[in-house]
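Notes follow once the structure below has been shown.
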Amino acid sequence: MIYLDYAATTPMDPRVFDAMMPYFRESFGNPSSIHRLGQKAEAAVDEAREKVAAVLNCRPDEIIFTSGGSEADNLALRGAAMAHHTTGKWILTAKTEHPAVSKTAIQLEKEYGFLLEWLDVTEHGMVMVESLSKAVCNQSIMASVMYANNEIGTINPIAELAEVAKANNILLHTDAVQAAAYLDVDVNKLGVDLMSLGGHKFYGPKGVGALYVRKGTKLLPHLTGGSQEASLRAGTHNVPYIVGFAEALHLAAEERAARIAHVQPLRDHIIGTVLETIPDTRLTGHPEKRLPNHASFVFKDVDGNLLLQLLDAAGFACSSGSACKTGNPEPSEVVTALGYSREWALGSLRVTLGADTTPDQADSLLKVLPALVEKARNINHR
């Protein structure tokens with residue numbers, strides 16, 4: 001099986017695994033315990049927090065560890081909305097967001113009385129400064145715009161959007177779960193108030209993430225109980241996973257240039273060849289301002305899930321978009337938001353590359369893909 005679905009998840013880096021191992025058995029203490037084993041575990045969590053803060057260029061106490069990117073998104077949106085419900089009602093976001101953001105915003109509107117404004121996006125799925133400027137009002141609480149889109153790879157102008165948010169005294173949250181593997185996540189350069197991260201997108205463990213919360217930002221906790229994580233996220237710390245998350249993020253930042261240099265030429269080769277060799281094909285997402293490992297397409301009159309099955313049978317693991325959407329027979333909300341009709345939007349394919357992807361693997365995909373797309377079209381027309 002040739003794995004080309006690194007946006008869905010990545011294999012754990014052996015160095016990350018090695019960093020985690022001692023905290024499963026030898027140093028298994030609860031960080032909240034006073035004895036030496038607890039102190040050792042607490043020191044590991046503190047060191048991990050400092051390591052993450054160094055990458056984000058922020059204070060260690062601005063890092064809240066979570067169970068993953070989805071929980072971080074939920075804490076950011078629910079926490080900020082509930083904490084500011086007496087001063088405003090409007091939440092601004094886009095239909096190109098991950099479901100952890102869009103569905104949370106919809107629930108806040110339906111069940112808690114908040115008002116939701118969908119930001120306009122370009123044909124490439126980008127949220128422009130003008131879109132946010134036009135939508136914001138004196139009752140706006142926050143905007144949530146993802147740093148880089150998981151389905152189409154488009155990179156949003158977060159620093160510019162943050163300037164608009166600051167000028168209008170609203171919070172800006174960004175889901176950087178997909179971005180952190182390849183983009184600079186310096187929160188001061190970006191100017192964001194809240195930022196979500198997930199460990200398994202950059203060769204760390206599944207089930208752990210973090211939310212950056214700028215000092216002074218008010219949040220209502222969505223998990224109550226103990227006083228862990230500044231009382232914003234109760235529950236015993238998952239020490240080995242937190243250690244692994246921090247190590248993986250550190251390595252992603254340290255090796256960013258080399259990783260980009262490896263995947264970007266392969267991405268460009270795949271995009272160019274697919275557009276040249278397969279008729280009725282379009283690239284989704286921005287042609288230039290996109291993640292360096294991300295190639296995504298729509299094929300007219302193709303069932304995307306059928307194409308994935310054909311690719312799987314041929315030995316390739318790809319995706320039709322968000323891993324949270326795979327198997328859904330309806331078109332992706334993200335692709336639909338770009339303006340594609342159903343006959344195009346159903347035929348989406350995402351090819352994402354990683355550390356283990358080779359030129360031979362990319363060429364192997366390009367050899368079989370045209371025939372598989374044609375086969376899927378023929379089946380669809382029966």
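Points to keep in mind about this one:
- Residue match in the stretch 91-111 (condition: in contact with a Gly (Cβ under 9 Å, 6 or more places away or on another chain) and assigned to a helix (DSSP H, G or I)): yes
- Any chance Leu266 is crowded, with 18+ Cβ neighbours inside 10 Å and closer than 24 Å to Ser196 by Cα: no
- Ala44 vs. criteria among the small types (Gly, Ala, Ser) and more than 24 Å from the chain's Cα centre (by Cα): yes
For every residue, the table says whether it meets (1) crowded, with 22+ Cβ neighbours inside 10 Å; (2) part of a loop (DSSP other than H, G, I, E, B); (3) among the small types (Gly, Ala, Ser); (4) in contact (Cβ under 8 Å) with a residue 24 or more places away in the chain.
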| residue | (1), (2), (3), (4) |
| --- | --- |
| Thr10 | yes, yes, no, yes |
| Asp18 | no, no, no, no |
| Arg25 | no, yes, no, no |
| Ser32 | no, yes, yes, yes |
| Ala41 | yes, no, yes, yes |
| Ile64 | yes, no, no, yes |
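- When residues in the stretch 148-184 are screened for being within 10 Å of the chain's Cα centre (by Cα), more than 16 Å from Val213 (Cα to Cα) and not in a loop (DSSP other than H, G, I, E, B), 1 of them pass.
- Checking Asn293 against (1) of a type outside the set (Ser, Thr, Tyr); (2) surrounded by 22 or more Cβ atoms within 10 Å (Cβ to Cβ); (3) at pLDDT 95 or above; (4) in contact with a Pro (Cβ under 9 Å, 6 or more places away or on another chain), the condition it does not meet: (4)
- Scanning the stretch 112-126 for residues that are outside any strand (DSSP E or B) and either among the acidic types (Asp, Glu) or in contact with a strand residue (DSSP E or B) (Cβ under 7 Å, 6 or more places away or on another chain) (or both) yields Phe114, Leu119, Asp120, Glu123, His124, Gly125, Met126.
- Across the stretch 329-358, the number of residues qualifying as hydroxyl-bearing (Ser, Thr, Tyr), in a loop (DSSP other than H, G, I, E, B) and surrounded by fewer than 24 Cβ atoms within 10 Å (Cβ to Cβ) comes to 4.
- Looking only at residues of the stretch 269-280 that are in contact (Cβ under 8 Å) with a residue 40 or more places away in the chain and over 23 Å from the mean Cα position of the chain (by Cα), we find that the one that is surrounded by the most Cβ atoms within 10 Å (Cβ to Cβ) is Val274.
The values are calculated or read from the model by the stated rules, or taken from the named source; none is laboratory data. Every value quoted in this text rests on a predicted model; they were computed, and no experiment measured them. Note that we place each Cβ from the backbone using ideal geometry, even for glycine, and neighbour counts take in every protein chain shown.
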